[in-house]
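Student: Quick one: this structure, given as structure tokens, is what I'll be asking you about.
Quick note: the coordinates plus some simple rules give every number you see, no bench work behind them. Computed from a predicted structure; not experimentally measured. Glycine also receives a Cβ, built like all others from the backbone with ideal geometry; neighbour counts cover every protein chain displayed.
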Amino acid sequence: QVPLVESGGGLVQAGGSLTLSCAASKHTFTTHAMGWFRQAPGKEREFVAAIRWSRSITRYADSVKGRFTISRDHAKDTVQLQMNSLVPDDTAVYYCAADTLFDNVIAGQCNYWGQGTQVTVSS
């Protein structure tokens, strides 16, 4: 199992910002597309954002476009999710995921998943 370790979750007021990080092995980071998903209580897991391993091509869910930014930190082999203008509906457990195929990440059909980190947005 390829370890993906998320960090950066927490409690924030509506309108605030948080940055999530996903640490991966160098091999995973340099060969896999990576993405973020979230699951709110009582809801299905949903796609949030994805980034290819090369050329940093990205894709976002409509609900987060313009507010969230996914990026790669090549010095630290991590993928960040910068979340701005947070709203209570963003409250969820956020999961990092990776797969060799970018389209698989977008579809949520990833080979590797992290344990998740809680994000709570208060109104």
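Student: Using only the Cα atoms of the stretch 65-123, construct the convex hull and provide its projected area averaged over every direction, in square nanometres to one decimal.
Tutor: On the way: hull surface 19.7 nm².
Projected over every direction and averaged, the Cα hull of the stretch 65-123 covers 4.9 nm².
Student: Run the lone-cysteine check on the chain: no other Cys C-beta under 4.7 Å from the residue's C-beta.
Tutor: Cys110
Student: Next question. Can you tell me which lysines have their Cα less than 21 Å from the Cα of Lys43? Leave out same-chain residues fewer than eight positions away.
Tutor: List returned: Lys65.
Student: Follow-up question, since we're still on this one. Test of understanding: in a Gaussian network model of the chain with alpha carbons linked when under 10 Å, which of Val105, Val79, Val12 would top the mean-square fluctuation ranking?
Tutor: Fluctuation is largest for Val12.
Student: Separate question: Most mobile of Leu11, Leu20, Leu81 per a Gaussian network model of the chain (Cα springs, under 10 Å)?
Tutor: Most flexible of the set in this elastic network: Leu11.
Student: Which one of Ser21, Ser71, Ile106 has its Cα pushed farthest toward the positive end of the charge dipole of the stretch 1-116, where Lys and Arg give +1 and Asp and Glu give -1 at the Cβ?
Tutor: Of Ser21, Ser71, Ile106, it is Ser71.
Student: Also, quick follow-up: Count the net charge of all other residues whose Cβ sits under 11 Å from the Cβ of Ser63, scoring Lys and Arg as +1 and Asp and Glu as -1. It would help to have the intermediate numbers written out before the result.
Tutor: Numbers: positive: Arg38, Lys65, Arg67; negative: Glu46, Asp62, Asp89, Asp90.
Within the 11 Å Cβ shell, the charges total -1.
Student: Could you run the Karplus curve 6.51 cos²θ - 1.76 cosθ + 1.60 with θ = phi - 60° over the stretch 110-119 and give me ³J(HN,Hα) per residue in whole Hz, x for Gly and Pro?
Tutor: 3J(HN,Hα) across the stretch 110-119, in whole Hz: 9, 6, 10, 9, x, 7, x, 9, 7, 10.
Student: So, one more: Taking the mean number of other Cβ atoms within 10 Å as a proxy for protection, how do you rank 94-104, 54-64, 68-78 from highest to lowest? Before the final figure, lay out the partial values.
Tutor: Values: 94-104: 20.3, 54-64: 13.5, 68-78: 15.5.
Ranked from most to least packed, the peptides come out as 94-104, 68-78, 54-64.
Student: Let me ask you something else. Sequence neighbours fewer than 8 away in the same chain don't count; with that in mind, list the lysines whose C-alpha is under 16 Å from Lys76.
Tutor: Cα-Cα hits under 16 Å: Lys26.
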